[in-house]
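Heads up, the thing below is written out as structure tokens.
The values are calculated or read from the model by the stated rules, or taken from the named source; none is laboratory data. This is a predicted model, so every value here is computed, not measured. Cβ coordinates were reconstructed from backbone atoms using ideal geometry, including for glycine residues, and neighbour counts include every protein chain displayed.
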Amino acid sequence: MALKLFRNKTEPQCGYCEFAEIAPEGNVAVCRKIGGIMQLHSKCKKFKYDPLKREPKVRSFSGEFSKDDFTL
């Protein structure tokens, strides 16, 4: 059984496709499968998910802690 990442909630988008190469401008993708330019948020029948193209969300911390935050 294949490992399912992100609980199958990933919407098909050219930005996450195995066949898409992101252009240097970062707003379009060049598809190797259909041979054309696609928007990052568009999709087609040839979509194949590539988990390495996802960028994780950055969490920010305020950095302000008190002593009570670390006691049980």
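Things worth noting here:
- Any chance GLU64 is closer than 21 Å to GLY15 by Cβ, in a loop (DSSP other than H, G, I, E, B) and either at pLDDT 85 or above or out of contact with any helix residue (DSSP H, G or I) (no Cβ under 6 Å at 6 or more places or on another chain) (or both): no
- When PHE19, PHE47 are checked against the criterion of being surrounded by 14 or more Cβ atoms within 10 Å (Cβ to Cβ) and at pLDDT 90 or above, PHE19 stands alone in meeting it.
- Among the residues of the stretch 50-61, the one identified as part of a loop (DSSP other than H, G, I, E, B), of a type in the set (Lys, Arg) and surrounded by 10 or more Cβ atoms within 10 Å (Cβ to Cβ) is ARG54.
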